């Protein structure tokens, strides 16, 4: 257990355009600015979803679908992502 109180934070957001789909994805990470321990995102499923939100297998990167305000999103009825179930610990 860390003795750091995690009082200040560092965040990074990478915005990606998903080629050939017309969609966008924000990839977000957060860490403690004092001890540099990464934070995990809670309550999201592991995977990728171009119409919603998922997390990386480590839980330290949120992958959230985003869109320009007021713009219609392309009708993309094909595969919109994937979900992973993580079992056990290593």
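The values are calculated or read from the model by the stated rules, or taken from the named source; none is laboratory data. In this text, all values refer to a predicted model and were calculated from it rather than measured experimentally. Cβ placement follows ideal geometry from the backbone for every residue including glycine, while neighbour counts extend to all protein chains displayed.
Tally up the residues in segment 30-46 that are over 23 Å from residue 5 (Cβ atoms) and surrounded by fewer than 17 Cβ atoms within 10 Å (Cβ to Cβ), please.
3
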> What number of residues within segment 61-90 satisfy the criterion of being closer than 19 Å to residue 22 by Cα, modelled with pLDDT of 85 or more and assigned to a loop (DSSP other than H, G, I, E, B)?
Replying inline: 4
> Among the residues of segment 1-24, how many are surrounded by 15 or more Cβ atoms within 10 Å (Cβ to Cβ) and under 11 Å from residue 61 (Cβ atoms)?
Replying inline: 0
